[in-house]
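Input: a single structure, listed below in structure tokens.
The values are calculated or read from the model by the stated rules, or taken from the named source; none is laboratory data. Worth saying up front: this structure is predicted, and the values here are computed from it rather than measured. Reconstructed Cβ throughout: ideal geometry from the backbone, glycine too, with neighbour counts over all protein chains shown. Accessible surface is based on the protein model in full, side chains and every heavy atom, while ligands, DNA and RNA are left aside. Shrake-Rupley method; radii C 1.70, N 1.55, O 1.52, S 1.80 Å.
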Amino acid sequence: MALPIYKNKKVTYADYLTWPDGERWEIIDGMPYNMSPAPSRRHQKISGTIHFHLQKFLMNKKCEVYASPFDVRLSEDYSQDELTENVVQPDLSVFCDKSKLDEKGAIGAPDLVVEILSPSTSKKDMSEKLLLYQKFEVKEYWVVDPEGEDVRVFVLDENGRFYLLSILKREETLKSKLFSSLTIPLEELFAE
């Protein structure tokens, strides 16, 4: 179903709440992005494997992991839904500050975000979302490329800018800077 026309007007979280159920949308800087079609089987398998490792690692810790669809609202001012111009659904997000969580999802930046590239989202994940996550100070951002079988790990520096910590290939092990004892063998992610 098409969205109503918003001429010369950015959309907000308040608009988003009026859209039809059964469709997945994101808003970045007031621009709506349709999340259809559904992710591929391989995408979902990779997401599930990472989720499993994160869930196991975070057990009995203060942080929690959430899988898409899960609304993460990012704004300079959270006082009104009309002021929130960013709503994203990361493939996976980890929150260590539970005060950011509510019944609608989350208000504020996750500590860790994982996005798994697909042909329809790769440009957005590597540009608009990277800049958005940097702006709202996500501490660590993993970009998983199923086609190239690699993972890019971006880390926020002391100046609030992402730098590329590593590009890891299938035969390597993902090591988190944020969670120093977390490791994920990439062979498990890309196994068929």
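Go through (1) closer than 29 Å to ARG24 by Cβ; (2) in contact with a strand residue (DSSP E or B) (Cβ under 8 Å, 6 or more places away or on another chain); (3) charged (D, E, K, R); (4) assigned to a loop (DSSP other than H, G, I, E, B) and name the single condition LYS177 misses.
Of the numbered conditions (1) closer than 29 Å to ARG24 by Cβ; (2) in contact with a strand residue (DSSP E or B) (Cβ under 8 Å, 6 or more places away or on another chain); (3) charged (D, E, K, R); (4) assigned to a loop (DSSP other than H, G, I, E, B), the odd one out for LYS177 is (1).
Kindly evaluate GLU115 against the criterion of being buried (at least 19 other Cβ atoms within 10 Å of the Cβ), modelled with pLDDT of 95 or more and among the charged types (D, E, K, R).
Yes.
So in the stretch 163-178, with the set limited to residues that are open to solvent by 30 Å² or more (accessible area, probe 1.4 Å) and in contact (Cβ under 8 Å) with a residue 24 or more places away in the chain, which one is nearest to CYS63 (Cα to Cα)?
LEU178
Go over the candidates GLU147, GLU171, GLU137 one by one and state the one that is touching a helix residue (DSSP H, G or I) at 6+ places or on another chain (Cβ under 8 Å) and more than 15 Å from HIS51 (Cα to Cα).
GLU171
Does LEU189 satisfy being aliphatic (A, V, I, L, M), over 29 Å from PRO32 (Cα atoms), assigned to a strand (DSSP E or B) and open to solvent by less than 10 Å² (accessible area, probe 1.4 Å)? Don't jump to the end; show me each part of the working.
On the way: aliphatic (A, V, I, L, M): yes; over 29 Å from PRO32 (Cα atoms): yes; assigned to a strand (DSSP E or B): no; open to solvent by less than 10 Å² (accessible area, probe 1.4 Å): yes.
Here the answer is no, as LEU189 does not meet what is asked.
Go through the stretch 125-158 and count every residue that is open to solvent by 20 Å² or more (accessible area, probe 1.4 Å) and outside any strand (DSSP E or B).
Within the stretch 125-158, residues that are open to solvent by 20 Å² or more (accessible area, probe 1.4 Å) and outside any strand (DSSP E or B) number 15.
Conditions first: (1) part of a loop (DSSP other than H, G, I, E, B); (2) among the small types (Gly, Ala, Ser); (3) closer than 20 Å to ASP15 by Cβ. ALA106 passes all but one, so which condition is the exception?
Every condition holds for ALA106 apart from (1).
Are there any pairs with C-beta distances below 9 angstrom linking a residue in the stretch 64-75 that is free of Cβ contacts under 8 Å to residues at least 24 places away in the same chain and farther than 16 Å from GLY30 by Cβ to a residue that is open to solvent by 20 Å² or more (accessible area, probe 1.4 Å) and aromatic (Phe, Trp, Tyr), with the two at least 6 apart or on different chains, and if so which?
Every condition considered, no pair remains.
Can you tell me how many residues within the stretch 51-82 are open to solvent by less than 90 Å² (accessible area, probe 1.4 Å) and basic (Lys, Arg)?
Qualifying residue count for the region: 1.
Mind counting the residues in the stretch 20-34 that are in a loop (DSSP other than H, G, I, E, B) and either among the charged types (D, E, K, R) or closer than 20 Å to SER75 by Cα (or both)? Explain how you work it out, then say what you get.
Step one: of the stretch 20-34, the residues in a loop (DSSP other than H, G, I, E, B) are 20-24, 29-30.
Within this subset, residues satisfying the condition of being either among the charged types (D, E, K, R) or closer than 20 Å to SER75 by Cα (or both) are 21, 23-24, 29-30.
Residues in the stretch 20-34 being in a loop (DSSP other than H, G, I, E, B) and either among the charged types (D, E, K, R) or closer than 20 Å to SER75 by Cα (or both): 5 in total.
Considering only the stretch 35-52, state which residues are in contact (Cβ under 8 Å) with a residue 40 or more places away in the chain and part of a helix (DSSP H, G or I).
ARG42, HIS43, ILE46, SER47, THR49, ILE50, HIS51
Does TYR13 satisfy the criteria of being modelled with pLDDT under 80, in contact with a helix residue (DSSP H, G or I) (Cβ under 8 Å, 6 or more places away or on another chain) and surrounded by 12 or more Cβ atoms within 10 Å (Cβ to Cβ)?
no
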